[in-house]
Every structure is written in structure tokens, then in C-alpha cells.
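First up is the structure itself, then whatever we jot down about it.
The values are calculated or read from the model by the stated rules, or taken from the named source; none is laboratory data. Every value quoted in this text rests on a predicted model; they were computed, and no experiment measured them. Because the Cβ atoms are built from the backbone with ideal geometry, glycine has one as well, and the counts that use them run over all protein chains shown. These accessible areas exclude ligands, DNA and RNA; they are computed on the full protein's heavy atoms, side chains included. Shrake-Rupley method; radii C 1.70, N 1.55, O 1.52, S 1.80 Å.
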Amino acid sequence: MSNYFVRILIVAICLVLQACSSAPKKTTRTVTSEPVLPSTQIQQQTSLELLQAVNPENETNEVLNGLLDVVESEARQNCNTAIQLIDILQKASLNTTQENRKNWYLAGCLAQGKEYATVITLLSQLKIAPQWREQYDQLLYDAFLATKKWKLAAEALYRLPGEELEKAQQIWNLLENLTNEELIAARQEISNLTPYLNLLEIQRNFVSPQELRMGINQWQSMHQGHPFAVALPTSLANIVSLVPDNPMNIGVILPLSGRYKEQGEATKQGILMATMATGFSSDHKMTFFDSNDEQELVSENMADLQLVIGPLLRENIDIVGQLIPAGVPLLSLNRNETAENSGNSENSENSENSENTKKNIFYLSLAPEDEAQQIANYLQHIGKTSPLVIASLSGSYQRMSDAFSQTWDEVSELPAEILSFDNTSDLRKAIAEALDIEESKSRINQIKAMTNVEVHAMERNRRDIDAIVIFASAAQTILINPIIESSISPFAEIIPVYASSRSFSQRLNKNGLRDLRNLQFIEMPWMLPSREFNYLQNKSKELWPNRSDSHNRLFALGYDAVNLIPRIRYLSELKNQTFAGMTGTLVLNERNESVRTLRWASIEEEQVSVALD
């Protein structure tokens, strides 16, 4: 062994002893495509000594491989020291094999620090030696799992050794997290996961239990060597034996008198229309109860019910839950604020009862928070980074603004900028200030004051805002959208404007549509031009020509409630199982709350244009 190599080893040992004698300091690391670790992590004298040792004049494979051997040893025991040594090697001229070794050891150490994004980048650059293959796939699996890259995690897990049926179940559990859009994209590629993905598509798209069983039988006959040909995955096996709800005696609890009578009547109309459209037989019985009539809301009247739809008002959910017989499913038409905490009890018996009750309560609602979350996720998906939110201070719009901010903070590094308004009288000035128009105007005036020459200039808006989101009523949005349009400099790119369903109305005239031009918004399918619901839309307008937008949405809520009855158990049992309804595409979360995805539309040339799914 050369004296030079001995020198490297001595310095490395000194580093080890130095690391042991002092507590490691936490450092903030910047994620880059080629990680470069700051040499300031080690003391300057030692760093200079190693940098002098590893230089173009005296680098040899023997020296570099020896130092990599030390890194490998330290990576097993002390990643802080290993990373310090790798920092020195960033300056060295490594061959492909040595570069692979360095990145491999670095990836292992960064995984211990949960820096999975950098780990994935490093591993993607490696040419894997056979002896590293299993460790490589395990490291990839851990990184993809931690970053919720479900398909990639499943691919890595597929390559790992393990008992076939147990591993197949784990792969299935991962793939169930895919959304329908992700599933469709994944099925475009031919891979080892193709049989799993095909079976998952059968699960997602079945219409009836008979169709599901037929699809499974066909799949098993085509994949006789697959573990699921012998034993189906747990979730699928559970629903194959599941008997869908077919209640013959249904109770509906709505406010049919008092302050919310019109809302209750609109919902009732949707329920009745659905029973006629879906062919409820004469054997089915449906009884309507007025939630404002205490004499009707008594246990005796509900003793024979097999399913309850309602109530519509949030404050009545717990009351109704106590009145209906144990085990009777409740399809609430609103969310309960305490639903998230249900099932939590110090008493085990009460906890078990609460859990059983929870399994029989389902929450179908038009929660405005869902819309805000959908918009935030969409903006992040299309690459927006700096949205400006303009929100009315009234209750539901502030809830939407808060939900947007919370979701945006989860998916983006920079917070959203919020502009809240109480009335529209000062809105033009507020928007101008938010877009820095006033500041630009002030600079122009200063220049004019400094010279006698005539100055021709136009105000310029700030360029960092790349999206504007409006949470306001249709009437308010008609005022806001033109203000935004006039505030954008003709020299700047147009800032796209997005809005919730509250910014749209079916009653907009041509002037209103003109003021909303280029607005992109989300809305339930029922409220948009649609071939799918064209007949029902025309029939509804014929029967109730003066119904408001909010009542139209409640009509759709009632209609969806009836159509959900035979499928609600499937949505509850299966991850990401969807129901395409009038109110949107619905899934149930872990608390049996419906989460809606609405359709995107835009105003173009005084017409509503619906985006393709």
C-alpha cells in the first residue's frame, strides 16, 4: 500500500474520531439534481488536507477506491462522517464505477435522513451492480412509498423477494391508491403490473354485482398463474360477498316547513324524480318527515325504516342518529363537524358501538371546501406557483379561502396571497394595490415630476402572480373579472382567472357572460350544458322554471342520494371507488364523507364551454 494511500486513511480516521468527539449539528440541505454537499460541514484544516490529497496530480484508482472503501464502512456506522468524505470526493475525477459507488453510499445515508426526493434522483442515475440489486429495489420502494408514488412503489416491490400471495396483496394495496386518471395512464404501459391494473379496472367500473363476478371470472381464467387466481385481494373478496342495500322502506327527513322549507322542497323534488327515473317498484315505500315537526320525529315513526335519507341541516344529524333504529343506514345530506371524532372513546364498549354506528352513517354534501381544494390541487398540477386569492368576507367564501390556503400550503413551497373584501366599492383600488398598479403609477408620476419632457407611459402589473382565484358570488364576480382584466398591462402575459361554482349562474344574460369572459370555473355536471342530463334538465325547467341556482343544486343532491343507495357500501369499502353523479364525481373518504370532483368549464364568446374529462 502506497504512503499516499496511508495518508488518506489516516486523515479519514481523524475525521471519524473528530465526529465521535462532538455532537453532529443539524444542517439544512438543498435538493439538486446533482447533490453537492457543502465542505463547510467539516473543519477547514481537515477539508484542505483532503482536498490537497485528492487532486489531478496524484489521484489514482488505488487511492480513490481506498477512500470509497472507507466511505462504505462509515456509511454502515456513521452517515455524518460518510457524507463528509463524499463531500471531498465531489472534487475528484471518478470513473463510472466509482461515481456509482459514491452515489450509492450517499443515497443510503440520505434515506436515513428521509431526504427521499434526492434519494430518488441519485438512484435514477445509477448503473446497478448485481450485488446491489435487492438493496437498490428496497431503497427505491421506501423512497417511492414515502413520496406517495404508488405505481413506482408497486413496481419496486414487485422486484423484491417475498411470499407471492402476501407480496401480491401489498402491491394491490398500493395500486388501490391510484385515482382513475392515474389508473388509465398506468394501463397504457405494458409491465409486470398489467394484470393487477386490469383487475383494478374491473373493480372500479362494474355496474352490478353480477357484472363484477363475471369480470373477475374472466380475469382469473386469463391469469391462472397469478396469486389472485387462487385467492382474491382482501378488498375485492369482501365486496364480492357484499349484498348491496335494497331497502323497501325508506324514510326521508327534510325541512318541509319554516325558514328552510324551499330548500327542503327542492331536495324532495330531486329525490322523487330519481325514484321515478330509476324505476322504484310499487313494493318500495318512501315516507317524508318534516325535520321541524317534533311530533313526526319520534322513534315510533321510524321503527320499521330500513334506510334514512337526511337530514339536510347539519345541526339535526346527531338528533336523527339517535332516533333511528340501531343498524339502519343513514345517508345524511350534510357533513357533521364531529364526524371526524366519532369512534373515539375511552370506554371500549362505547368505542365499538360508535365504530359500528359510523359504518352505517354516510355523509353526502355540497361542501364548498371540496371546490377550493380541487382548485388548489389543479393549479399545482398545471405548474402555478404564485396565486392571488380574492375572497368575499361572507361565511362560505371565507371557508373556501381557508381551505384553499391550507391545501396550497401542503402542495406548494410558497403561500398563496389572500385579498379579502367586505364590499365591492373599494375593490378596484384593492386589486390595483395587490397587483402593484398603484406603485407603478406612483413611479410614473415621479418621473413626470422630474422632467419637463412629456412622458408617455402605462402602468405595469407585477409579474410574479401567475393565477388569480375568485371566491365570490356570480354578481360579485361579474364586477371583479373586468377589474382584473383592466388591471393587467398590455405588455404582460394574461393572468388566468379561476373560480368556484358560486361564480356561475344559469341565469346569466349575454352582458353577464361577456363580463365573465375567459373565466375558468368548476361546476357540477347538472348545472352545465350536458347531453347526459339533457332530458332531465329540460323536464326540470318545464316543471320548475323559476327555481334558483342554489335550489337546482339541492335538486341534484336529492337525485344523487337515491342513486347512491345501491352503491354506497361499495364506495365505503373500496379506496378511490367513484360514483359519477349530477353533483360531480364522488368518492368516500375514511370518515364516509363524500368528496366531490367537479367539471371544469370556461366562458368563451358569451357561451359556456365544458372542458373534456
Which pairs do you get when a residue that is without any contact (Cβ under 8 Å) to a residue 12 or more places away in the chain, found in segment 360-374, comes within reach of a residue that is among the acidic types (Asp, Glu) and part of a helix (DSSP H, G or I), reach meaning Cβ atoms under 6 angstrom, with the pair 6+ apart or on two chains?
none
Tell me whether segment 457-473 contains one or more residues that are open to solvent by less than 50 Å² (accessible area, probe 1.4 Å), at pLDDT 80 or above, charged (D, E, K, R) and in a loop (DSSP other than H, G, I, E, B).
yes
If you go through segment 378-393 one residue at a time, how many are part of a helix (DSSP H, G or I) and more than 24 Å from Phe421 (Cα to Cα)?
3
Are there any pairs, at least 6 apart or on different chains, whose C-beta atoms fall under 8 Å, with the first in segment 522-541 and farther than 14 Å from Gly581 by Cα and the second surrounded by fewer than 21 Cβ atoms within 10 Å (Cβ to Cβ) and among the β-branched types (Val, Ile, Thr), and if so, which?
Pro529/Val608; Pro529/Val610
Segment 407-443 - residue that is modelled with pLDDT under 85 and farther than 21 Å from Glu485 by Cα and, of those, surrounded by the most Cβ atoms within 10 Å (Cβ to Cβ)
Arg443
Residues (within 22 Å of Glu62 (Cβ to Cβ), among the polar types (S, T, N, Q) and surrounded by 15 or more Cβ atoms within 10 Å (Cβ to Cβ)) located in segment 74-127
Thr81, Gln84, Gln90, Gln98, Asn100, Asn103
Residue by residue through segment 547-575, note down the ones that are touching a Lys or Arg at 6+ places or on another chain (Cβ under 9 Å), farther than 30 Å from Pro233 by Cβ and either open to solvent by less than 10 Å² (accessible area, probe 1.4 Å) or hydroxyl-bearing (Ser, Thr, Tyr) (or both).
Ser548, Phe555, Gly558
Which of the following residues is farther than 20 Å from Ser365 by Cβ, of a type in the set (S, T, N, Q) and open to solvent by 60 Å² or more (accessible area, probe 1.4 Å): Thr278, Thr287?
Thr278
Using the structure shown, decide if Val243 is on the phi < 0 side of the Ramachandran plot and buried (at least 17 other Cβ atoms within 10 Å of the Cβ).
no
Tell me, which residue of segment 576-599 that is open to solvent by 20 Å² or more (accessible area, probe 1.4 Å) and in a strand (DSSP E or B) is nearest to Ala367 (Cα to Cα)?
Val595
When you check Ser39 against the structure, is it modelled with pLDDT under 75 and more than 28 Å from Lys149 (Cβ to Cβ), yes or no?
yes
Checking Arg399 against (1) part of a helix (DSSP H, G or I); (2) crowded, with 20+ Cβ neighbours inside 10 Å, which single condition isn't satisfied?
(2)
Among (1) assigned to a helix (DSSP H, G or I); (2) within 22 Å of Gly108 (Cβ to Cβ) - the single one Glu182 does not satisfy
(2)
